[in-house]
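Please read the structure below before turning to the comments.
The values are calculated or read from the model by the stated rules, or taken from the named source; none is laboratory data. What you see is a predicted model; the values in this text were computed from it and never measured. Cβ: placed from backbone, ideal geometry, glycine included. Neighbour counts: every protein chain shown. Side chains included, ligands, DNA and RNA excluded: accessible areas come from the protein's heavy atoms. Shrake-Rupley method; radii C 1.70, N 1.55, O 1.52, S 1.80 Å.
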Amino acid sequence: MMNYAITEPTFQKGLRYYIQQNKDHGVANEENLFDSLEQAAKEDAQLPQSLTMHEIFRSWSNQPGAPVVTFKRVGDTNEFVFNQERFYNTPPETPGQQSWWIPISFFTPSSNGQYNSSAAFWLPPHVSDFSYRIDVAESETLLVNPLARGYYRVNYDAQTWENIISNLYESPEKFHRLTRSQLVDDAMNLAHAGKLDYFTAFQVFDYLNEETDFIPWSTASSNLQFLKRMLRHDSEALANLESYSSMLAANLLATYGLESIKGESADDESARLIALEWACNSDESCQAEAAQKLRSSRRSQTFTIGSKTEQLLVCSQMRKADYSDFSMMLSSLKNTRDSISRSYLVDTISCVENGQSINKLLNALKSDDFGAAEKVQVLKSVYSNSLTGLNAIIDMFDSTTNVAENMNINKRQLHALLEDMAEYTVQPESAERFAEFVKREAPTHLVHTIQAKLRENESWIRRNAAIVSDMLKTPPQIDM
């Protein structure tokens, strides 16, 4: 953030000063770094004379959290009012009083694609309703922190959000792909935190129906994964989320297709994987291709997966695969030696949601057919794919003494697994049983971390689950 705020040449110049001035001292501290950066910034006139780098940087380096900046336009004037507060994913009973020196940059769609990441001004800490004049036409939409260079979220007034959504629908190319990515991420996270209504957040998401760039979709996918985790206890809401996600990603899948293209960019390949993950369940050609793969495997009684694309393609079919198909795949896994092929097979087999198949897979982990890393991979895939899988793993843990030794994995692997598993444990009954197991198996510091995560999950469900569920019941009417 500071690299962009004072411009990269000045920041690098400050780093060179820092190295030159401290190379013989043996030990350096943040004050030495701030001195060097300030020297460069003042020489290059990249910092207001009234400010010091010590004031600015210390507000970030010596306190926790990060801010959300809220701004609104005053009527139809060129005056804008800015405020800041600490952003919390889970609103606390007593919010902290942290405040920062924040570099504010901005952009308008009529700027002909010219983005400026350096600070237009510094929003001071502990000041409410900070007023700043920006020469911009009344009809123009002003975006703050447009390339997400600043370490903060941005919330807008209702009219500006409406203008942003209109621009996203009509001409998204006016906004840089990093800008679109930031808008998607900020809107949904602000809604989760109670700072923005979900109707607006989902309106921002709706534009993804026409988005084909990897960067915004990567951000959207992470947000959809979060919703999938938090709604997994509600089968109706989860089904509606999958329908909504499939609708959003349908055009992405149509753009990139089912097969890799020789010479395509890494971004294009990644975009295809996202499209397969979210759209394959409802796409006829995708389902037909996956079904054909299963039929061929049944005839040959062998099952191979040669790529991540193929793994995602078949995963949608594995949800409803019968026990005989699963057994054939598990047998193929035992006979596969190539580590990459085994990894794809593990992820594919773990997509199964049939309880009998899941239990057979978990029992197989006690054998020598899986290495320690593969066992962890299987467990992660199973509990992340379905609530049935999560509960099956909790059942297994409950009935096993000394899990790490019994499964022949080390305790460090188990503790990392438990911390990640807490992210997916949202059903109250599951959370209670999981918490009891963690108390038995984990060190005190990890117990506290996981308990805090389970409380966060419970808080999110209490505050947001019903609202999000209602939003998903009515498919959006998108007219791009």
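Residue count for segment 378-424, restricted to those that are small (Gly, Ala, Ser), open to solvent by less than 40 Å² (accessible area, probe 1.4 Å) and assigned to a loop (DSSP other than H, G, I, E, B): 1. I'd like the full set of residues that are outside any helix (DSSP H, G or I) and at negative phi, limited to segment 242-276. Residues satisfying the conditions are Leu258, Glu259, Ser260, Ile261, Lys262, Glu264, Ser265.
How many of the residues making up segment 125-135 are over 14 Å from Ser105 (Cα atoms) and in a loop (DSSP other than H, G, I, E, B)?
So in segment 125-135, the residues over 14 Å from Ser105 (Cα atoms) come out as 125-131.
When the remaining residues are screened for being in a loop (DSSP other than H, G, I, E, B), the result is 125-129.
The number of residues fulfilling the criteria is 5.
A single member of Ala250, Ala254, Ala271, Ala220 is over 23 Å from Ile461 (Cα atoms) and within 19 Å of the chain's Cα centre (by Cα), and it is Ala271.
In this structure, is Ala279 within 13 Å of Asn209 (Cα to Cα) and assigned to a helix (DSSP H, G or I)?
Values: within 13 Å of Asn209 (Cα to Cα): yes; assigned to a helix (DSSP H, G or I): yes.
Yes: the conditions hold for Ala279.
Taking segment 144-176 as the range and being among the basic types (Lys, Arg) and either more than 24 Å from Ala66 (Cα to Cα) or open to solvent by less than 10 Å² (accessible area, probe 1.4 Å) (or both) as the test, only Lys174 passes. Residues in segment 245-275 that are aliphatic (A, V, I, L, M) and in contact (Cβ under 8 Å) with a residue 12 or more places away in the chain: Met247, Leu248, Ala249, Ala250, Leu252, Leu253, Leu258, Ala271, Leu273, Ile274, Ala275.
Restricting attention to segment 185-202, does a residue exist that is under 16 Å from Leu142 (Cα atoms) and among the aromatic types (Phe, Trp, Tyr)? No, there is no match, as no residue in segment 185-202 is under 16 Å from Leu142 (Cα atoms) and among the aromatic types (Phe, Trp, Tyr).
Give the residue, chosen from Ser117, Ser139, that is hydroxyl-bearing (Ser, Thr, Tyr), under 25 Å from Ser171 (Cβ atoms) and free of Cβ contacts under 8 Å to residues at least 24 places away in the same chain. Walk me through how you get there before you give the answer.
On the way: Ser117 fails: free of Cβ contacts under 8 Å to residues at least 24 places away in the same chain.
Result of the check over Ser117, Ser139: Ser139.
Could we say that Ser110 is of a type in the set (Ser, Thr, Tyr) and more than 26 Å from the chain's Cα centre (by Cα) here? Even if it seems obvious, please write down each step before you answer.
Details: of a type in the set (Ser, Thr, Tyr): yes; more than 26 Å from the chain's Cα centre (by Cα): yes.
Taking the combined requirement at face value, the residue satisfies it.
Can you tell which of Thr141, Thr179 is β-branched (Val, Ile, Thr), buried (at least 17 other Cβ atoms within 10 Å of the Cβ) and part of a loop (DSSP other than H, G, I, E, B)?
Sole residue among the options that is β-branched (Val, Ile, Thr), buried (at least 17 other Cβ atoms within 10 Å of the Cβ) and part of a loop (DSSP other than H, G, I, E, B): Thr141.
One residue stands out in segment 190-217 among those that are within 26 Å of Ser459 (Cα to Cα) and part of a loop (DSSP other than H, G, I, E, B): the one that is least open to solvent (accessible area, probe 1.4 Å), namely Ala193.
Sort out which residues of segment 104-120 are in contact with a Phe, Trp or Tyr (Cβ under 6 Å, 6 or more places away or on another chain) and assigned to a strand (DSSP E or B), and write them in order of number. Of everything in segment 104-120, those that are in contact with a Phe, Trp or Tyr (Cβ under 6 Å, 6 or more places away or on another chain) and assigned to a strand (DSSP E or B) turn out to be Ile104, Phe107.
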